[in-house]
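The values are calculated or read from the model by the stated rules, or taken from the named source; none is laboratory data. Source: prediction; values computed, not measured. Glycine also receives a Cβ, built like all others from the backbone with ideal geometry; neighbour counts cover every protein chain displayed. With ligands, DNA and RNA removed, areas are computed over all heavy atoms of the protein, side chains included. Shrake-Rupley method; radii C 1.70, N 1.55, O 1.52, S 1.80 Å.
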Amino acid sequence: MAVHNGELLFVKSVKDGIPNRDPLQDSDARRLFPEEDGRISLSDVSIKRDVRDYVLEAEPNGGASQRNYIFVQGKVNEKGKLLGRGSLAEWIASQVDKKNEAKDQMKSVLLEHSFDARTFGIVYSVTPKFHLTGPVQFGWAHSLHPVDSQYIQGTVVMPSSDTKDGEEGKTQGTIWTSYIVPFAVFAMPGVINAKNAEQTGMTVDDQELLLKGLWQGTQHRQARGRGQQQPLMLVHVEYKDPFFRIGYLEDLIALQPGEEAWRETGRRPSSLKDITLDVSELVRTLEQYKEKIERCRIWIHPSLCVESDITPYLQPLW
């Protein structure tokens, strides 16, 4: 069974952190919209990192088939130095006993044994150079409501350095500062291109691992600065017509209360109990184009309140 052209819509929340910070704004939240709009954003790179890190843990040593190594990862050598593209590729080739084949056919070796190369594409800048556009492309994730980040500071009990002989000892720990977001809900669109999947060798098994990785990878990749992340809804629409796409699925959902309600009152949602996700327009659109749709699946977190009947599309969580 071949991969179909398709679309993705992924909704997730975060509490007390920022999953993707802006280094140009003192590591505050990324703001692609004007300040008065109030929404914040997450890059597609951060979402892919969640998936890659999940596959690294869920499929150790490439998995049973050795097809699911991760090419884009932070791996160090015995001296503690990060490996570059060439060294990472050679390491994967050595793990699957294809070092000699890789000298002339590194492209085929990586596509056969690297999940993220098949799924997200690859830029290989080491001779022989090659570039493949990935079948799976994500857009930016934008919050579904205005968000205020908060600047906070605290102290740790340890000083930043030891006291040298003859110096007066330090009496205080180190002060730290950070921006956090108390709560936010994000929606991220994505597409799956069947023609590109043919070129990279992406399979239906890869597609299913991607979907599972989006959900469980969000739960798996936790850190204090990133906050507590929770997947809320994942939609996967597969099309019969290779030239048709509904497009902009993220515009077919909305939080209740809506953006304007939060702006007018100056309040912000603080938990899932404050919101309902209205998917009625999405459900109507799916019904409108059902003749062009091969299959639609929706996964929902049980804590999320949803407006509209999604029973025909509902899937059990992993």
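One table, with the values for the structure above:
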| read-out | value |
| --- | --- |
| Verdict on Val96 being more than 18 Å from Asp206 (Cα to Cα), touching a helix residue (DSSP H, G or I) at 6+ places or on another chain (Cβ under 7 Å) and at pLDDT 95 or above | yes |
| Residues being out of contact with any helix residue (DSSP H, G or I) (no Cβ under 6 Å at 6 or more places or on another chain) and of a type in the set (A, V, I, L, M) - total across the stretch 38-79 | 8 |
| Wholly within the stretch 202-318, helices (runs of 4 or more DSSP H) carrying at least 2 residues that are in contact with a helix residue (DSSP H, G or I) (Cβ under 8 Å, 6 or more places away or on another chain) | 204-220, 280-288 |
| Inter-residue pairs, beta-carbon under 7 Å, first within 20 Å of Glu208 (Cα to Cα) and in contact (Cβ under 8 Å) with a residue 24 or more places away in the chain and in the stretch 296-317, second of a type in the set (S, T, N, Q) and open to solvent by less than 70 Å² (accessible area, probe 1.4 Å), 6+ apart | Arg297/Gln315; Ile298/Gln315; Trp299/Gln315; His301/Gln230 |
| Candidate set from the stretch 1-21 (those that are among the charged types (D, E, K, R) and buried (at least 18 other Cβ atoms within 10 Å of the Cβ)); member that is nearest to Gly213 (Cα to Cα) | Lys12 |
| Hits in the stretch 37-77 - residues which are over 22 Å from Met202 (Cβ atoms), among the β-branched types (Val, Ile, Thr) and within 20 Å of the chain's Cα centre (by Cα) | Ile40 |
| Condition met for Phe33 (among the aromatic types (Phe, Trp, Tyr) and over 13 Å from the mean Cα position of the chain (by Cα)) | yes |
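Every residue, every condition in (1) in contact with a strand residue (DSSP E or B) (Cβ under 8 Å, 6 or more places away or on another chain); (2) closer than 30 Å to Gln150 by Cα; (3) surrounded by fewer than 16 Cβ atoms within 10 Å (Cβ to Cβ); (4) of a type in the set (Phe, Trp, Tyr), yes or no:
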residue: Arg30; (1), (2), (3), (4): yes, yes, no, no
residue: Glu36; (1), (2), (3), (4): no, yes, yes, no
residue: Val51; (1), (2), (3), (4): no, yes, no, no
residue: Glu57; (1), (2), (3), (4): no, no, yes, no
residue: Val76; (1), (2), (3), (4): yes, no, yes, no
residue: Gly86; (1), (2), (3), (4): no, no, yes, no
residue: Glu90; (1), (2), (3), (4): no, no, no, no
residue: Lys107; (1), (2), (3), (4): yes, no, no, no
